[in-house]
Amino acid sequence: MKSSTSSSNGMLVAIDVGGTKTQAASFDTSTGALQRCRIDTHADGLTGRPALHRIIHEVKVSLRLDPNAPLLGLAAVFPGVVRRHQLLMAPNAPGLEGVSLHEELVAAFGDALIVLDNDVKAGAIAEHVWGALRGTEHALYLNIGTGLAAAAIIHGEVYRGGHGAALEIGYQLTPFLDGIDSARWKGWQDGVAPMEDLFSGAALDDLARRTLGSEHGAKDLFESSEPALQQQLQRRMDALSAQLVNLAIAFDVETIAIGGGVNRQFPMLEANLTRLLQRLVPFPPALVRARFAEDAPLWGAMELARRAAALPPLPDAIFDTSANKSTRDAGPRAATRYR
């Protein structure tokens, strides 16, 4: 697919490689047509480059990308830290750590304007441009999906930190440490993500399977009336609350938006988290539900592709019928003229 920057007419492509599923979308700037697809991230026996090649191939086929259409910009986002075109700290990715992601994408899509980023930071961008964080100067975006991570908006921009690893809160220590012996604490170098192991979609799914049976998942924990199970879930929510209280104090944010799959349990999370934020934070932030739930990283990637191509802002209307689709291939949307 050849790139063309001489015209604003062409395709923008966004790819969100998640820990469980990969979502992708294409936007035709000449017609306003949006297409999107969803595939499994993992396939039996495939890791590293072969795994990435399969993902790219299925995305191309599912989106029915025209090899002759000008590709104006492409952004791909991943769980973990993207540095020098490589992925670090990404145990949920299919063996992609150390792979030259940019090189593989250039080989697949041509010498287009290609951007790589972290998925949760992209999600924060989507919520800041179109969603629950629109208009905020200082905010946090908390993504509770397969894993657990956050992103901070500072002065209207995503804060990345010195190594691009800011707000990888899955690696933060939990409030429930083993006594006071710091030698027993475990973290990144031990292959442990303490907070992610306590409160994430994968951690809650694991707890549900162990306590309720193999056919159960995270949502069943929130619906259970079993006292012992409610106590375990409350303990984990308390740990999350402690992290958010500390982050809200450290960054002095106006708003915290919660996204990711556990976003579906927002009413219970809100009841628990708001109480402690109001009581313990000097200037308590508002706690809100993310607009895009599980789709924020995908739309953040689309915004990154737009910025790379230096195009005008995308119309908010493209999300009217697409924000919560879960089908494998949602097909083209109604055309909206983009000028």
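The values are calculated or read from the model by the stated rules, or taken from the named source; none is laboratory data. No experiment lies behind these values; they were computed from the predicted model shown. Methodologically, a virtual Cβ is constructed for each residue, glycine included, from the backbone with ideal geometry; neighbour enumeration extends over all protein chains shown. Areas reflect the complete protein model, heavy atoms only, side chains present, ligands, DNA and RNA absent. Shrake-Rupley method; radii C 1.70, N 1.55, O 1.52, S 1.80 Å.
Observations, loosely collected:
- Within the stretch 234-260, the set of residues being open to solvent by 10 Å² or more (accessible area, probe 1.4 Å), over 24 Å from I154 (Cα atoms) and either without any contact (Cβ under 8 Å) to a residue 60 or more places away in the chain or within 19 Å of the chain's Cα centre (by Cα) (or both) comprises Q234, R235, R236.
- Per-region count, the stretch 182-222, residues within 25 Å of the chain's Cα centre (by Cα), closer than 17 Å to R235 by Cα and of a type outside the set (A, V, I, L, M): 11
- Screening L12 against (1) under 26 Å from Y171 (Cα atoms); (2) surrounded by 21 or more Cβ atoms within 10 Å (Cβ to Cβ); (3) in contact with a helix residue (DSSP H, G or I) (Cβ under 6 Å, 6 or more places away or on another chain) leaves a single unmet condition, (1).
- Checking each residue in the stretch 184-200 for being open to solvent by 90 Å² or more (accessible area, probe 1.4 Å) and over 14 Å from M89 (Cα atoms) picks out R184, W185, K186, D197.
- Number of positions in the stretch 238-265 that are in contact with a Phe, Trp or Tyr (Cβ under 7 Å, 6 or more places away or on another chain) and in a helix (DSSP H, G or I): 3
Listed here are the residues, each with its yes/no results for (1) of a type outside the set (V, I, T); (2) farther than 29 Å from G135 by Cα.
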site: I180; (1), (2): no, yes
site: A193; (1), (2): yes, yes
site: E196; (1), (2): yes, yes
site: S225; (1), (2): yes, yes
site: M237; (1), (2): yes, no
site: A242; (1), (2): yes, no
site: R275; (1), (2): yes, no
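- The set of residues in the stretch 174-202 that are part of a helix (DSSP H, G or I) and touching a residue at least 40 places away in the same chain (Cβ under 8 Å) comprises W188, M195, E196, L198, G201, A202.
- Screening the candidates S214, S224 for the property of being open to solvent by 80 Å² or more (accessible area, probe 1.4 Å) and farther than 25 Å from A151 by Cα yields one hit, S214.
- With a requirement of 2 or more residues that are touching a residue at least 40 places away in the same chain (Cβ under 8 Å) and either surrounded by 18 or more Cβ atoms within 10 Å (Cβ to Cβ) or within 22 Å of the chain's Cα centre (by Cα) (or both), the strands (runs of 3 or more DSSP E) lying completely within the stretch 21-116 that satisfy it span 21-28, 34-40, 71-78, 81-83.
- When the stretch 24-42 is filtered for residues that are out of contact with any Pro (no Cβ under 8 Å at 6 or more places or on another chain) and not acidic (D, E), the ones remaining, listed by number, are A24, A25, S26, F27, T29, S30, T31, R36, C37, R38, I39.
- Residue count for the stretch 266-314, restricted to those that are assigned to a helix (DSSP H, G or I) and either hydroxyl-bearing (S, T, Y) or open to solvent by 40 Å² or more (accessible area, probe 1.4 Å) (or both): 11
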